[in-house]
Amino acid sequence: MASSAAIHVAVIGAGIVGAAAAHFLAAAGARVTLLDASGPAAGATGASDGAVSVASKRPGPMMDLARHARAFYVRCERDGLFRGLFHRRSTFLVARTAVEAELVARHGADLAAAGERVVEVDRATLLARIPGLGASVCAALEIPDDGHALGYEITQRLLGRSRITIRRNAPAAEIVMRAGRAAGVAIGDELVAADAVLVAAGIGSAPLLGLGEILIPRKGQMAVTDRASLSGPAIDGHLMAASYLAAKRGIAREDGHIGLVIDPLMTGQFLIGGSREDHRSDHATDARTIAAILREALDLYPPLAQRRVLRSFAGVRTASRDGLPIVGAHPRREGIVIATGFEGDGICLGPFMGACAARLLLGEAPAVDLAALSPQRFVRVEAHA
Amino acid sequence: MSGHFFWSGMPVAFRPGETIAAALLRAGIADLGRPDGHLPGGRVFCGIGACQGCIVAVEDAAPIESCLTLAREGLRLGPLPALGTGHD
Amino acid sequence: MTEAPILIVGGGPAGASAAATLAEAGLPVLLVEQRDQLGGAIHRQPANGAGDHVWRPARHRRTWAALTARLRACAGMIEIRTQTVFLGVDGAGRFLFDDRRAGRVFASRPRAAIVAVGAIETIRPFPGWELPGVMTAGGAQVLLKETGRPPEGPILIAGSGPLLPALAAQLAKAGNPPVAVLERGRPWRPGTLARLALAGGPMGEAVAYAAALALGRVPYRCGALVTRAEPDGAGLAVGIRAGADERVLRVRHLLIHDGIEPNRAGIPLPAPEAAVPVLLAGDGREALGADAALLDGRRAALQLLARLGTGTAELAALESGLERARRVQAALAQALGSKPMVPAPETLICRCEGRSYADLQALADDASVREIRLMGRFGLGACQGRFCGPMIAALRGRPVPAASPPRWPLRPVSVAALARLSTDETE
């Protein structure tokens, strides 16, 4: 038997959040079994862009958490854990109409109020930084302290450096309770016994926690191009159109909205996204949606006309009903911690939130106050329903 | 011979109905790429557009398979990733 | 055409045969072909004005002439779109095409589809296979047919299979006999020829090739293989091993080939009973060669006619032709089989992304296909795993998957062309 002092935690979900939690739990001496219906980074983590971005966050708790989470990336890169996987990269918030310019300016003010460095960039400077930018671009803000990291690389690094038992192709059927406390996870007929359970399974979390109405899948289609450059990122920053900001700030548009981002990958390729399709949890891509994304992208950055699309793919984000992630102890079931609902912010928030979840499971206080993300908020709503 | 296209600024003769690959090979141009140390350069290999080894950059357009694409008068071509853009 | 056509992807013998059969039965057909002319690989037509002088069995010429005559006879029922690359089927069930002439992607919803995109060659990798001057034997043959002229300078042909002596014979007849043909296997064991003849192999052709090689004084060495290739001035220095003997040959061109397999990467899965039936035909379904492809195209068309209720499928004769081709392939595989080889660590496996055998070995022995792709970065480049996929399967002792998951675009497509997507649906 393992040391009786070592808590055994079952982590459901080997995406970036679960992998981070598993890593930090193991580092603290816990015994960890990481379960995934498929394998590490098989879900949204493996179908995401590389933005570690404060710039894209809604003002309020999200923006604040993102600043902590990005600083966490910086520390992890410096201390060696993420060496070579995280890179500084500016985000450019780009407007193509007067209305968009107003939105971008407002967002810039919110970022500055949160303590973020925001640089106004006039069109001439912008063209010098990003040659070939579209004629319709009229205003932009640069957020120079943002960064870039690929979800599946971070996940692999987190898992490679710890002694964690990873169970692939192990879909969790239910969390087994005994005397009101979590006793483990049922995988088919097998019970993986544990002292505590972390649910970090994205959209797969809903059936396990009875959160069917609270978690909303939001499919995003993307495309990857061939290389524009043989030596590193083809342009000097991550381009984020006002349409993406509008979505993140909750300014309602018709469904099937495109929030345009152009992500210059370290390989010199571009990753271009993406659609926002609520209640879709499949991974199919369709030509009309991808074509619409590309038309927007070509308008913003015309040099894409010299590129070819190598593949299209889709990821399924997990949004929550009120737009905030759900992180904290399960309100009714002892021994269960939840960390999901990160929507399109999982890459940025993942490692930090995983570390916070690890602290919660070990009975410690997380590094920041997570009250705004507490699962309790849904219980109160239901009690009044 | 029926015309010329340009490879890295150099004129290359072609016959009507001929692919870019055939014309380049006849001109003795077998090396289609600028290897950068960790990525091999281009060359015609499978001849049927499957291996993507013969891809060449086209001025103001997306890259194409030279083994599939007919040569055209005045076409300006060069090694991947792009024709002398001056961005390096 | 008011009625949704039957879509045929690929204008080689299988596609042309299917198209003719369906059109003769009165169904509208849309035949798309990536090149500017029909023919596929085996019937690659000469470029305008090149003249059709490449030596090959007369029956190939006759077969193609007959096929094109049938297509002309029912031209009213067939729309042919050339310079059009099939991009696969998207999540909404649209069949997508990259029209290279128009510079735009178009989508359509056919009544049914027969996908006949042929085979790709299998390659045994060695250090230097990525160098200019190294080409597949099939690729060299396609160029020979297009231009009517062999490449200049010394040619070495190496690998395994009947294409090697066939190509060598054609090059010799065209005026540049290769300096040697290196066959990795040892086919001339007792009984091989007899077994091949019994299986119904094309013995007359084999004799003709052998005669051409003898006439051109082209050595055909068995149990010999290429170990590496290095740049050597304007040409290549090729390391060769035959038994214990190692030497270096200086040549201009190295043509390699280790067999063929269906080009299935990303292709939709066969679904004969679906609402929009999808069938595969020809070497793209099963690599049995050009004669079988002709039969297989007809078989697929008849199967479709039966499914659509407008005909009975008299498939017995076709099936026996395909069976015979299978027996020949099996006899050849048995004759030519040789030990699998472990490449040198620096050998490129994924050429597109510069990933080597050493990079593959660095991954866990039981790494999944997905992990090999995402973490190892194998198959994420422009060829979308068409060449490294089979290499990796062979190196890891796994069978090549019958089909990789369908996806689109199954060939790289211009961003601008896809942005200009046109569909035939009313919005």
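Values quoted throughout were computed directly from the atomic coordinates according to the rules given, and no laboratory measurement underlies them. If you're wondering where the values come from, they're calculated on a predicted model, not measured in any experiment. Don't worry about glycine lacking a Cβ; one is built from the backbone with ideal geometry, like all the others, and counts go over all protein chains shown.
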(request) With everything on Cα atoms, drop me the angle between helix C:137-147 and the longest principal axis of chain C, reported from 0 to 90° to the nearest 10. (result) 70
(request) Just tell me which aspartates and glutamates come within less than 13 Å, Cα to Cα, of residue C:145; anything on the same chain fewer than 8 places away is out. (result) B:18, C:52
(message) Which one, C:19, C:416, C:197, has the greatest fluctuation when you compute a Gaussian network model over chain C with C-alpha springs under 10 angstrom?
(response) C:416
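Output the relative contact order of chain A, whole-number percent, from Cα pairs under 8 angstrom with separation of 6+ residues.
This gives 23 percent for chain A.
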(message) No solvent, one uniform scatterer per C-alpha: report log10 I(q)/I(0) for chain C via the Debye equation at q = 0.09, 0.12, 0.13 1/Å, two decimals.
(response) -0.60, -1.08, -1.26
(request) Post the alpha-carbon centroid distance, segment A:232-303 to segment C:56-76, in whole angstrom. (result) 49
(request) Extending each Cα 7 Å along its Cβ direction at residue A:129 and residue B:36, get the distance between those two points in nm, one decimal. (result) 2.2
(request) Express as a percent, rounded to the nearest 5, the fraction of DSSP beta bridges in chain A (both residues included) that run antiparallel. (result) 70
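Rounded to the nearest 5, what is the percent of antiparallel bridges among the DSSP beta bridges in the protein assembly as shown? It would help to have the intermediate numbers written out before the result.
On the way: 93 of 148 bridges.
The answer is about 65 percent antiparallel.
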(request) With runs of 4+ DSSP H residues as the only contributors, calculate the mean residue ellipticity of chain B at 222 nm using -39,500 (n - 2.57) per run, divided by the residue total and rounded to the nearest 500. (result) -2000 deg cm²/dmol
(request) Starting from the Cα of residue C:366, step 7 Å toward the Cβ, then list every residue of segment A:23-49 with an amide N under 17 Å from that point. (result) A:33-40
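Indicate the gyration tensor shape class of segment A:64-146 (rounded, prolate or oblate), computed on the Cα atoms with a ≥ b ≥ c the square roots of the eigenvalues: a/c under 1.5 is rounded; otherwise a/b larger than b/c is prolate and the rest oblate.
Details: a/c = 3.34, a/b = 1.68, b/c = 1.98.
Note, shape of segment A:64-146 comes out oblate.
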(message) On a full-extension model of 0.36 nm per residue, what is the gain between residue C:344 and residue C:197, subtracting their alpha-carbon distance, rounded to one decimal in nm?
(response) 49.1 nm
(request) Per DSSP H run of at least 4 residues, take -39500 (n - 2.57); add these up for chain A, divide by its residues and hand me the 222 nm value, nearest 500 deg cm²/dmol. (result) -9000 deg cm²/dmol
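In nm², what is the average projected area of the convex hull enclosing the Cα atoms of segment A:88-191? Intermediate results must be reported in sequence, preceding the final value.
On the way: hull surface 49.9 nm².
It is 12.5 nm².
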(request) Treat every Asp and Glu Cβ in segment C:348-396 as -1 and every Lys and Arg Cβ as +1, leave all other atoms uncharged, and give the resulting dipole magnitude about the Cα centre to the nearest 20 debye. (result) 220
(message) Which GluC sites (Glu not before Pro) in segment C:261-328 sit in a loop by DSSP (not H, G, I, E or B) and have at most 15 other Cβ atoms within 10 Å of their own Cβ?
(response) C:273, C:314
(request) Give the residues of segment C:191-215 whose amide nitrogen is closer than 18 Å to a point set 7 Å from the Cα of residue C:59 in the direction of its Cβ. (result) C:194-211
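Let me have the relative contact order for segment C:348-396, percent, based on Cα pairs under 8 Å that are six or more residues apart.
On the way: 47 pairs, mean separation 19.7, N = 49.
The normalised contact order for segment C:348-396 reaches 40 percent.
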(message) For segment C:1-24 and segment A:116-169, what is the centre-to-centre distance using only Cα atoms, to the nearest Å?
(response) 48
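In debye, nearest 20: dipole of segment A:140-233 around its Cα centre with unit charges on the Cβ of K, R (+) and D, E (-)?
Values: 10 positive and 10 negative charges, 65 e Å.
Approximately 320 debye in magnitude.
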(request) Before rounding to the nearest 500, sum -39500 (n - 2.57) across all DSSP H runs of length at least 4 in chain C and divide by the residue total; then give [θ] at 222 nm in deg cm²/dmol. (result) -9500 deg cm²/dmol
(request) Please get the size of the charge dipole for the protein assembly as shown, origin at its Cα centre, with Cβ charges of +1 on Lys and Arg and -1 on Asp and Glu, quoted in debye to the nearest 20. (result) 1860
(message) What are the ³J(HN,Hα) couplings of segment A:68-80, residue after residue, when phi is run through the Karplus curve with 6.51, -1.76, 1.60 and θ = phi - 60°? Round to Hz, x for glycine and proline.
(response) 5, 5, 5, 5, 5, 4, 4, 5, 5, 5, 5, 7, x
(request) Return the FRET efficiency for the residue pair residue C:319, residue A:105: r is the Cβ-Cβ distance, R0 is 56 Å, and the value is rounded to the nearest 0.05. (result) 0.20
(request) Rounded to whole Å and sorted largest first, list the principal axis extents of the Cα atoms in the protein assembly as shown. (result) 89, 66, 62
(request) Could you line up A:333, B:43 from fewest to most neighbouring Cβ atoms inside 10 Å? (result) A:333, B:43
(message) Could you identify which residue out of A:59, A:233, A:303 has the top mean-square fluctuation in a GNM of chain A using Cα springs shorter than 10 Å?
(response) A:303
(request) List the residues whose amide H sits under 5 Å from the amide H of residue B:75, counting only those 5 or more places along or on another chain, with H placed 1.01 Å from N in the peptide plane. (result) B:6
(request) Give the Rg/Rh ratio for segment A:17-66, taking Rg as the radius of gyration of the Cα atoms and Rh as the Kirkwood radius, to two decimals. (result) 1.08
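Per the Kirkwood definition applied to all pairs of different Cα atoms, how many angstroms is the hydrodynamic radius of chain A? Display every interim value, and only then the final one.
Working: mean 1/r = 0.0472 Å⁻¹.
Final number for the Kirkwood radius of chain A is 21.2 Å.
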(message) Can you give me the distance in nm between label points at residue A:191 and residue C:3, each placed 7 Å from the Cα along the Cα-to-Cβ direction?
(response) 6.4
(request) Could you state, as a whole-number percent, how many of the C-alpha pairs of segment A:288-327 are farther apart than 14 Å? (result) 63
(request) Answer with one residue from A:136, A:193, A:207: the one whose Cα lies farthest towards the positive end of the charge dipole of segment A:132-264, charges on Cβ with Lys, Arg +1 and Asp, Glu -1. (result) A:193
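Provide the percentage of antiparallel DSSP beta bridges, counting only those with both residues in segment C:123-258; round to the nearest 5. Present the calculation step by step, with values, prior to reporting the outcome.
On the way: 15 of 30 bridges.
Within segment C:123-258, antiparallel bridges account for around 50 percent of the total.
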(request) Would you mind ranking C:391, A:353, A:63 so that the residue whose beta carbon has the fewest other beta carbons within 10 Å leads the list? (result) A:63, C:391, A:353
(message) Beyond 16 Å, how much of the Cα-Cα pair distribution for segment C:1-105 remains, as a whole percent?
(response) 61
(message) Cut-off under 28 Å on the C-alpha distance; same-chain residues fewer than 8 positions from residue A:219 excluded. Which lysines are left, in chain and number order?
(response) A:57, A:248
(message) Modelling each spin label as a point 7 Å along the Cα-to-Cβ direction, I'd like the residue B:76/residue B:59 distance in nm, to one decimal.
(response) 0.2
(request) State the answer as a single residue: which of C:290, A:331, C:10 lies farthest towards the positive end of the charge dipole of the protein assembly as shown, with beta carbon charges of +1 for Lys and Arg and -1 for Asp and Glu, about the Cα centre. (result) C:290
(message) Once the convex hull of the alpha carbons of segment C:157-246 is built, what does its volume come to per residue, in cubic angstrom?
(response) 101
(message) Give the separation of the Cα centroids, segment B:66-84 to segment C:313-351, in Å.
(response) 36
(message) Between helix C:13-24 and chain C, what is the angle of the helix's C-alpha long axis to the longest principal axis, kept within 0 to 90° and rounded to the nearest 10?
(response) 20
(message) Can you give me the long-range amide H partners of residue A:177? Hydrogens built in the peptide plane at 1.01 Å from N, cutoff under 5 Å, separation of 5 or more residues or another chain.
(response) A:183
(message) As a footprinting exposure proxy, order A:57, A:248 by other Cβ within 10 Å, with the fewest listed first.
(response) A:248, A:57
(request) Take chain A, connect every pair of alpha-carbon atoms lying under 10 Å apart with a spring to form a Gaussian network, then pick out the residue of A:287, A:105, A:355 with the largest mean-square fluctuation. (result) A:287
(message) With angles folded into 0 to 90 degrees, how steeply does helix C:290-307 sit against the dominant principal axis of chain C? Use alpha carbons for both and round to 10.
(response) 20
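Assuming R0 = 22 Å, can you tell me the calculated FRET efficiency for the pair residue A:379 and residue A:28, based on Cβ-Cβ distance, to the nearest 0.05? Write out the running numbers ahead of the final one.
Numbers: r = 29 Å, r/R0 = 1.31.
Result of the calculation: an efficiency of 0.15.
Give the relative contact order (percent, whole number) for chain C; include only Cα pairs under 8 Å separated by 6+ residues.
Details: 870 pairs, mean separation 87.2, N = 427.
After rounding, I find 20 percent.
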(message) Given N residues in segment C:348-396, what is its alpha carbon radius of gyration divided by 2.2 N^0.38 Å?
(response) 0.96
